[in-house]
Each structure stands twice: as structure tokens, then as C-alpha cells.
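K.L.:
One structure is given below, represented as C-alpha cells, and several questions about it will come after.
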Amino acid sequence: MLDPSSSEEEDEVVEEERKVTQAPKTGAPRVSPNRTGESPGGLQPARTNNARPTSPGPSAALEKEKDDLEKMQREEEERKKRLQLYVFVMRCIAYPFNAKQPTDMARRQQKISKMHLQTVKDRFQAFLNGETQIVADEAFINAVQSYYEVFLKSDRVSRMVLSGGFSANDSRDVFKKHIEKRVRSLPEIDGLSKETVLSSWMAKFDTIYRGEEDPRKHQQRMTASAASELILSKDQLYEMFQQILGIKKFEHQLLYNACQLDNPDEQAAQIRRELDGRLQMADQIAKAGKFPKFVSKDMEAMYIEELKSSVNLLMANLESMPVSKGGEFKLQKLKRGHNTSIIDMGQEDENQLSKSDVVLSFTLEVVIMEVQGLKSLAPNRIVYCTMEVEGGQKLQTDQAEASKPTEKNMVICTATMPKLISYRIFLFCFQVVLHPTPNSPKQSEIHKMTVSKGCPDNDLRIKLAVRMDKPQNMKHCGYLWTIGKNVWKRWKKRFFVLVQVSQYTFAMCSYREKKAEPVELLQLDGYTVDYTDPQPGLDGGRTFFNAVKEGDTVIFASDDEQDRILWVQAMYRATGQSHKPVPPTQVQKLNSKGGTAPQLDAPISQFYADRAQKHGMDEFISANPCNFNHSSLFEMVQRLTLDHRLNDSYSCLGWFSPGQVFVLDEYCARNGVRGCHRHLCYLSDLLERAENGAMIDPTLLHYSFAFCASHVHGNRPDGIGTVTVEERERFEEIKERLRVLLENQITHFRYCFPFGRPEGALKATLSLLERVLMKDIVTPVPQEEVKAVIRKCLEQAALVNYQRLSEYAKVEGRLVTPAKKLEDTLRLAELVIEVLQQNEEHHAEAFAWWSDLMVEHAETFLSLYAVDMDAALEVQPPDSWDSFPLFQLLNDYLRLDYNLCNGKFHKHLQDLYAPLVVRYVDLMESSIAQSIHRGFERESWEPVNNLPNVNLPNVNLQMPKVPNLPVSVSLPPVQMPSFSASNWMPALSDTDNGSGTSEDLFWKLDALQTFIKDLHWPEEEFGKHLETRLKLMSSDMIESCVKRTRIAFEVKLQKSSRTTDFRVPQSICTMFNVMVDARAQSAKLCTMELGQERQYHSQIDDLIEETVKEMITLLVAKFVVILESVLAKLSRYDEGTLFSSFLSFTVKAASKYVDVPKPGMDVADAYVTFVRHSQDVLRDKVNEEMYIERLFDQWYTSTMNLLGTWLTDRMDLQLHLYQLKILIRVVKKKYRDFRLQGVLDSTLNSKMYETVKNRLMLEEATASVRDGGMLGISMKDSDEEDD
């Protein structure tokens, strides 16, 4: 991000400086001469509005000017506070030694904004309108439609989006949960698993949700955001806290450079100074007795020990840090006493270094660039260089031709001494001796080589570059003049190296040539370094500085000012002293030149410091952190960080990002912010946001609250045992605020956690409430107490939910018709059921431990609805059945709910509707009885399908489908205001050959029983009573119908003809069909389960069977009477009767004179026609084959018996020829016709038939002998039709 060495950033800083320098002066007062006009919250020039018609008086103008001045002063103070806070934060980021960025935090999803939600709605609406290319089946479209209507368009989702707690993942999870039940309920399909359907639906959902976006870009964006959410670089952290604290980039650059944040040595030294200051502050508090107010006086001594222990821990953490990344030495840890918490830096006997502790190692790199003046060798000769290190081995470069001496060759040498080593480079008889140091220039240089005797090339030069890598533990090196009391007792120029052994141990070491170990060393623990004036009597050196310790002073001198500044800065970092040395020569030069240009002999760090001072930043950089109230500063930075976090693109729910947690942890540890204070401030900020409608994770609240509760009750969660009065009082205040918030969230759980989102939040809220109600951290709160609180919340929740539901349904309370009121109540019932179902689906799991309270909540919610329901039912007109759909809707939901079935509201619903149901059944029974009586009086006995205009039962027992009703309702608008036939629909029976009255009866009985059955009356006893009553009523009604039909059948036969002119009327068949229908309907309408079946069903079946037998007997008797009339005609031709003798005599006398016509076969033909017609009508119109077979069997047997009896009575008489012909024709046709109708051979070939047949054959033989033949009529079997 901001690199101090970046030229672009430097240009930006210079430009900003130019703006400050050239800023025009205004009449407005300036609080600080270093104030920049563009900093956040900065001062604005005083402006006057000349367009005003009037100007205020002098007092008003002065008052306004005073207010403006106070406002600018407040803004300036706020700006300074933020800049100072940013300096502390920058140092935490630059050199962390306590905290690390956590990598195990939950990944936060991208937040859905209000605009994004609208975009998603539009995409789903476009899909539902068919405007996309996504192919989907009807089931998926229905699922999306339901999701769109119930979830996306919900005002609760919109409210959740505004709270910042709604992510794309929440939207996807809700849809997945929504469709799982739908997919599970789909029928199985061979070769297609439901898991495949589910994944296919989710893929289509993702396509709709994403719209036209490129999924690859979306994936890249998500990957980048996820990476930034996990870990941030230092530059990213700097930029983040610039935004949090409102720091401009140019201000950051000034502070960054002046604080030397890129110099780890400077940062480590700053930490050592801070820790030393905290130790001194602890001693001052102990001496002055200025302790915070603790809950116990005994905690004051403990408080000092805790301060020192925390510093001791930080020192240990600092020591565990590598001196610099890549160092190869082993750290030497400082020793400390067993029972002390302060490191005694003056115990040299424990911390004394040996010479072996400061051995250095480094890498030397030599690059030979060019050899000049090599003329004595042939161009094609191969040459190379060798290098010999004193005390080491020889190394050789690559080879090159003498004509190309510019070939680059490399020699690498590793030694265990700093500068005090020489090495020689050989080229044939030429050599050069070099003495490199880490401070030697890195650029290539030309060296003259030493020429041995006899070499022709006298002026031979070699160009080479020497690079010596400075060891990480070497902080500075160079030549110094020095003299001391205990070491370096002679004023002499020596080569010094400042060596860092550990974070708290530094040594000044002097070396001689060819020595790996230092000649002498000075451990800098406890010394103070500062600039000093030249010392008289000491020759050598131009600029002086010293290191002072009680009882010892060491004087150093350098040959130039810049070298002295570098040495003092390096030793200042090493000693950890609080006093910062200021070079006097630099101050004099700045004063003499006005500080307008950087000094050439000053180091770059001094240049940055001077520039920061110029802009007024030095007060923030040089400020002693120990003099600030870090509790207040941390509260401020944590609050601002939380605001920044809640406004970013992640649905964080109040959780900080890993980078933010890392910086805040480091700040607290480094500046001694108490953990309880940190979490109390955090809780206060989170509660403030939650109270203002932001979505905060209750798990986060639980974590911070548990920490504070544990601390306040002395459980030492972070090792701190002292508890201040302020912490305890603030904890009690926050505890009460948290309790009120949690109770409010539980009361509004449908709106605070819509559709169970965020996942697990409601359950965590209940758990946190239980923790908040605890008196301490050990004793659990009685469950009854928790239960009472939750019960109270849920009772209030029922009222809140119902009020909002009524407002949403827009129920009109006055000036509405009963029908409209009932319609509103029915719609409200649908919404009530939907709310209860959503509570069960999304919130029941969270209340698993308090399931009984959720049942009470549901009953309370329903009781509120019961008030409106009762009011709507009271205004309904008497004997109105329009309210039955309401009962069925509510009952169908309640009876399937284990907890609400036969509950308080359910019983109240039953009590309301039980009299209505009884009244309905009474009226229906009376109506059906009247319809039977009136119907049979006017019955025409024509089949229903032959009636031109007949009004049949028209009861609409199918309720209209309730919109958006999640439960399946099998019935609604039941309207039976009247019970006349005109209000009925066409019969729904399987056949339509019964009479109008019977069909009316059966349909009404079936409709009534279906309606009562589909009520699914929940109370078993009353339901059994209704069923029993309806079965008994059906049995009585069908019995009445059967008896009346039997009477009508007999009357109809009595009124009919007794001759062969008789034709079986349609009414006779209809009456048979009524019996058929009665038997079928009785099996359905009169059958009781278990032992009651025989009581009703068997009795009515027996009655129907007996009635059918009687009807068949009556009809057969009618057929016998008709045959008797035929036989009566034949009896006139009996032998020996007066009519027969007279007829024979007359015929014989007349035949002598004229041709007398013989009697024909008209009687036989008429009877045969009658039989055949009757058979066809019965076979075609009667719907029961068994009845037909029984009728035909009995008819054949009875008529054949009648014929046999008639012939038997004439056993002694000879049949007249006419009689014989008629009988033969009748018997043969009857036999054949009944055989064609399916009468069994055993019945056809009965004994009586054989007797009749034999007699007729005998008479036929006699007539053939006597009268000369039968003229083609014979009893012999023949296929020819003898007409």
C-alpha cells in the first residue's frame, strides 16, 4: 500500500505540503497552526451569506461565532485524538508480538442489500412470468411461486435486510428447506432419485438467483472476498484503520515515515521503552496510592502485582520474538527471580555476556567485472582468478579467454569474523588485497593489482564488486574513538560492532584483525546514550556522544556528524531509555536555515522526523503511551471499528474480521487494556446497535457477557483477579440492558429471527437469557424462573403477532355485512394457520426445551383469534350454514397437531359448532322425511333418465379452495339454506334408472353422511354419536322407501290388465331398480364399524330381500292370471260341454254346404308376443341380473305347473284339435324363449314339463289318426319356426 520509498507517495506528500504552505489565510480563527484544511472533520473557513435580507444583532453574531469556535475546537480535539490513536494502532500493526490473525473464525457471507433484494425479486418474477430460458416443470414453478410469495415478498425479510443480517446463503437455505418437503412428497419415479430432483431444483434456483451474471466472475469475486476476510496484509490493515479513524493518506505517510514503521529495530526499541514506562507507572501508583476504586481494599496490592505480571509477560513475549527474521544465532533469554515480576536489568552477574555469545557470521560475495591492462598473454589463453581467505580455503572463478577479460565471475566466501579479515585475489602473478566491511560500498570499484617482479604488465587493474551481507544481529558497525572506566581504558580508534543478542540484550564489541571473538565488549543494559560536546584533552574524533550508567561513563567520538547520529540512534534503540537524544548540531542548522530544506549530512530518518515536526505530527509521534488513558482510547477505536464492520459488505452480525481482531488484541495486550473493560465496551456498543435494529449474533453477546460475568464474580478468565467498582456497576447496567433486549427479541421472535434466520440465533438467545438470569456463575437459575420469563415473553408475543396479523389482513371491524365479516374471519383463519405452521417449522426447534410454552403461546394466539371468530359467528343469521368452512379449515389443522388437538381453543371451537351440527342434522332429517312422503305421493315411477325436467338434490358439499392454504381441506362452502329439491345438484349415483324420489333420498343421505364425516369431528364420543344417528336415520329412511315402493308395486299390478294385452310397464322395472339401489346404498349408508354392522345393515338387507321376493311373487302371479285367461278360452272346446257339442254340430252341418273357416292361432300368438315382450322389457330395464333370473325361473315354473294342472284335469277327455294346436304352440315357444333368457335346463326340463310334453305328444298322435294330421304343428323338436 504505502511504501516509504515509493516516489509516487513522496510526490503526494510534497504536494500535500505545498497545499498547506500555500493555503490562503482567512479571518476564521485557527486552533492549531499545523492544521491542514482537508483532514476529516477539519476546520472550514467562516462563511457569511450576503443574500440574507436581514442580519442578526451583535449579540447573536457573537453567540454564533462562539458556537462555531467551540465546534471547531471540538473537531480539532477529535482530530488530534484520532491521530494519536492511529499512531498507537500503526505501531501495533507494524511490530506485533502478542497476537496473530485468527484463521479459525467462521466465514462470513456477503450481505444482501435492499437494492440487491429488489433485483432478486425481479429475477424470480421474470421466471414466473416465463421471461427466462430456464426449463422447469410445474412442481418446481409452484415451489418457486410459493417461495416468492411467502418469503421474498415478506415484510419480515425486508426488515431483516435493513438490519444487515441477511445473506445470500440464508436465502438459499430457506429455499432448500422449503422444497425438501415438496420433493419428499412427490411420487417415486423409476430411475430418478429424489436427491437428483433436489439437486436439479437447487441448480435452477441458483441460475434464477444469479440472473445474467457470469458464474466465473462471481466465483472469482467470492474467492477474493473470502481471502480478504481470512487474513490481511499490513498494508491492508493500515488502509482499513485509515478509513476507520478518518486519517488521510498523506497524514499516514508522514506518520509512517517518522515512526520508522518499516524499521523493526526501532519498533522493538519503542516497545521496550513502553514496557519500561509501564513498570515505572506501576511503581508510581504504588507509591502515590492512586488506585482505581476496587470492590475490595485487598485488591490494591494485587493490582500492582497484576500490572507487573502483565509487563513481565509482554517482556517474555518480546524476548521470544526473533531479533530479526532470518537470524541464525540462538537467543539468550534473560534470567529473572522466581517470585519477582520485574526484570532487574542491572544484575550483571546473572545477565553477563561472554565473548562467545557475540560471534557473528555473514556471507561475502565478490563479482569480478573486468580486468584492464592484461597485454602480455596471447588472446586465446584461458585465464581465471583465485581468491584466498586468510585462515580459509582457496576459491576459483570460472574461466575466460584473455581477449575477453570482461567476463563476469563470482566468488563466494563465508567467514566467522566481521571486518577483521583480509582476502587476496590472484591472477597469475598479480594480486590485490581487500579489507571489506558491511558498510563498504556495494558498487563495483577499480583496484590496482600488486605486480610481482618480472611481470611485463605493470599497470594492471581489476574491476570488482564486493557485497557483504550484514548479519541480522549486527545493528551497526564502524570505527569509533572511545575511552571508558571499566573497558577501553585508553583513548584509541577501534572497530566497533553493536550486536543484539536478544530483545533485551545488546553489546558494544570491539574487534581486532584476524580475531573472531571481540577483544572487549560492553553490555548496554541500564546505560543511557546522548549527544555530548567535544571533550578537552582527547585528540581524535570530531563529534562526540557518551553512554552513561551509574558509576560508569563511556565516551565515543566519530569522524562525521551523520555517523554519530546513526550510532546514537542505534544505541538509543538498544538501551531502551525513555529520553530521546536530539542532535544539537541538527537543531542549530534547522534554526539557522529555517528548516526549509533537508540537511545533507543528516540520515533519512531525521529528514522524515523533521518533516513530521513541520506538520505538527511530532507531538503524536513522541507522545509517551504511558501518559494516555488507553481504556478510553480503546473504547473509541473499538466503537469506530464496529461501525466500519457493520457497514461493510459482509453479514458479520457484529463479529470483527480476523484482521480487526488481531489489531484490537495487540492493542489491548500492548497498552494494558483490561479484558473486562474491553468486553463491557463491546457489549455496550453491540447492545446499542441491536436496540437500533441491527442484527447482532447472540452467540457473540453470550461470549462477551460470560467473560464479564466470570471476571466480576472473581473467576479470573484472563488471570486478572481485581475487580473495580466501575466494572461491577457497568456490568450490572449492561446486564439489565441485555435482559430487556433479550426479552424483547423473544417477544418479537418472528420479526427478529424471521424464518429461523440467522440459523441458530433464537436458540442462542434463549441460552443467553438463561445465563443472564443467573445470580452468579456457579448457581444455575431455577428452571421455573426461566420458564416464567419465557412464558411472559411468549404471551406478549402472541398479542404482538396477532395485532400485526390483523393489520396485515386489514380486518374491518364496523359497518360490514355478516357475509363480509365471515369472509374476513375465514381469511384471517388462513393466516393464523400459516403463522402457526411457520412457528412450528422455523422456531419450534429453538424452543425444544420449552415446547410446552410454545403450545401455550399457540393457544394464547388462537384465543385472541377466537374473540374475532365469536364476534363474526354471533352476527350470522340463524340456520345459516355458511360458517361450516371455517370449522373445517381450523379443525383440519388442529386435529393433525398433536399439541393443539382437543386443546383449549379446539374444545371451544367444538362447543361453538356442536349445536350447529346437531341443528343441521335435525333439519336435514326432517327435510328428507318430508321429501320421502311428498315424493312418493307424486311419484310417477319413471326412471330419472327419462324425466324431461326433474329437480334433484343440489347440495354443494365441496368447499371452495382457500387461497394459499397450506393444509388440505376436503370440504367448503356448505350452503343448505333450504331443503327443497330445487337446491340439489344432479344425482351422483352410479345408475340413473331409479325413481326421482329414491335418487333424491339416496343422494341426500350420502351427501349428509359425507359432509358429517368430512367434518372429522375431533371428540370421539360426539363423533360416534353423529355417525350412529346418521346410520340409524339412513336405515329408517331406506326402510320407508322400500315399504312404500312395495305398496306402489302391488297397486300398480292390481290396476293393470289380466289378458295378453298386458305389457310390463316401465314403472314396474323402476320399482325393481329402486330395490337394487336401496340394497347398494344400504351397504354404504347403514353399515357401522365393529359390532354395529349387523344392527342396521343386516336388518335393512333382510327387508329388501323379502320385499323383492314378494314383488317377484306378485308379478309371477300376474303372469299366471294371464295364462289362466288363455286357458279359459281353450276350455270352451272341452269334449262333452254344451258349447263344444253345439260348435261341432254346427260346423259339421255347415261344412256339407259351404267351406267353414277353421279357428286360427291368434290366441297362441298373442300369448307368445306377451311373454316375449315382458321378457325383453324386464331384461332391458331391471339392473339386477339375479332378480331377473329368479323372476324367470319362478315365472316358467308357475306357468308350466298351471299347464300341467289344466291337462291333468282333462285326463279323461280328448283334447280338441284347436286346443291341441294352441297348447303345442304355447309350450314350445315358452320353452325356447325361457331357454334363450338363460333359464337353466334343470328348471326347463322339469317333471311337469315332461308330463305336459308327453300328454301333448299323445294327443298329437291320436289326432293324426283321427283327423288325418295336425297341419304342420307338432311337439317334435324342429329348428323351423312353425307359425
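The values are calculated or read from the model by the stated rules, or taken from the named source; none is laboratory data. Computed from a predicted structure; not experimentally measured. Counting neighbours? That spans all protein chains shown, and the Cβs are built from the backbone with ideal geometry, glycine included. Side chains are part of the model used for accessible areas, which takes the heavy atoms of the whole protein and leaves out ligands, DNA and RNA. Shrake-Rupley method; radii C 1.70, N 1.55, O 1.52, S 1.80 Å.
K.L.:
Which distance in Å, rounded to a whole number, links the C-alpha centroids of the stretch 794-846 and the stretch 72-143?
P.N.:
35
K.L.:
Right, something else. Hey, how many Å between the Cα centroid of the stretch 904-943 and the Cα centroid of the stretch 652-678?
P.N.:
What the calculation gives is 77 Å, centre to centre.
K.L.:
How much FRET efficiency would the formula 1/(1 + (r/R0)^6) give for residue 77 and residue 262, where r is the Cβ-Cβ distance and R0 is 30 Å, rounded to 0.05?
P.N.:
With a Förster radius of 30 Å, E is 0.50.
K.L.:
Follow-up question, since we're still on this one. List, in the order given, every pair from 1055/1181; 1052/1276; 1129/1181; 290/549; 1055/1084 whose Cα-Cα distance in the structure shown is over 28 Å.
P.N.:
1052/1276; 1129/1181; 290/549; 1055/1084
K.L.:
Separate question: Can you tell me which aspartates and glutamates have their Cα less than 14 Å from the Cα of residue 153? Leave out same-chain residues fewer than eight positions away.
P.N.:
Answer for residue 153, where 14 Å is the Cα cut-off: 122, listed by chain and number.
K.L.:
Please enumerate, by chain and number, the aspartates and glutamates with C-alpha under 19 Å from the C-alpha of residue 394, excluding those fewer than 8 residues away in the same chain.
P.N.:
365
K.L.:
Greater than 32 Å separation of Cα atoms is the criterion. Which listed pairs, 810/1013; 1118/1228; 308/470; 111/234, meet it?
P.N.:
810/1013; 308/470
K.L.:
Taking the Cα centroid of the stretch 1206-1239 and of the stretch 501-534, what is the distance between the two, rounded to the nearest whole Å?
P.N.:
For the stretch 1206-1239 versus the stretch 501-534, the Cα centre distance is 155 Å.
K.L.:
Can you tell me the order of 862-874, 497-509, 526-538 when each peptide is scored by its average per-residue count of other Cβ atoms within 10 angstrom, highest first?
P.N.:
The densest-packed peptide leads the list: 497-509, 862-874, 526-538.
K.L.:
By average Cβ neighbour count within 10 Å, what is the ranking of 705-712, 373-380, 1115-1122 from highest down?
P.N.:
705-712, 1115-1122, 373-380
K.L.:
While we're here: Beta carbons within 10 angstrom, averaged per residue: use that to sort the peptides 687-700, 79-92, 179-192, 844-857, highest first. Mind showing how you got there, number by number?
P.N.:
Numbers: 687-700: 18.8, 79-92: 21.8, 179-192: 10.6, 844-857: 16.9.
Highest to lowest by the protection proxy: 79-92, 687-700, 844-857, 179-192.
K.L.:
Output the pairs from 1024/1109; 1004/1024; 375/463; 475/515 with a Cα-Cα distance over 25 Å in this structure; if there are none, say none.
P.N.:
Numbers: 1024/1109 35 Å; 1004/1024 20 Å; 375/463 16 Å; 475/515 20 Å.
Pairs exceeding the cut-off: 1024/1109.
K.L.:
Which of the aspartates and glutamates could a cross-linker bridge to residue 787, judged by Cα under 16 Å and excluding same-chain residues fewer than eight apart?
P.N.:
Straight-distance partners of residue 787: 743, 770, 795, 852, 856.
K.L.:
Further question: Roughly how many Å² of residue 321 are accessible to a 1.4 Å probe, to the nearest 10?
P.N.:
About 50 Å², ignoring ligands and nucleic acids.
K.L.:
Summing Lys, Arg as +1 and Asp, Glu as -1, what charge do residues with Cβ under 12 Å from the Cβ of residue 857 carry, residue 857 excluded?
P.N.:
In short, -2.
K.L.:
Could you tell me the accessible area of residue 1246 in Å² (1.4 Å probe, neighbours in place), rounded to the nearest ten?
P.N.:
Surface accessible to solvent at residue 1246 totals approximately 30 Å².
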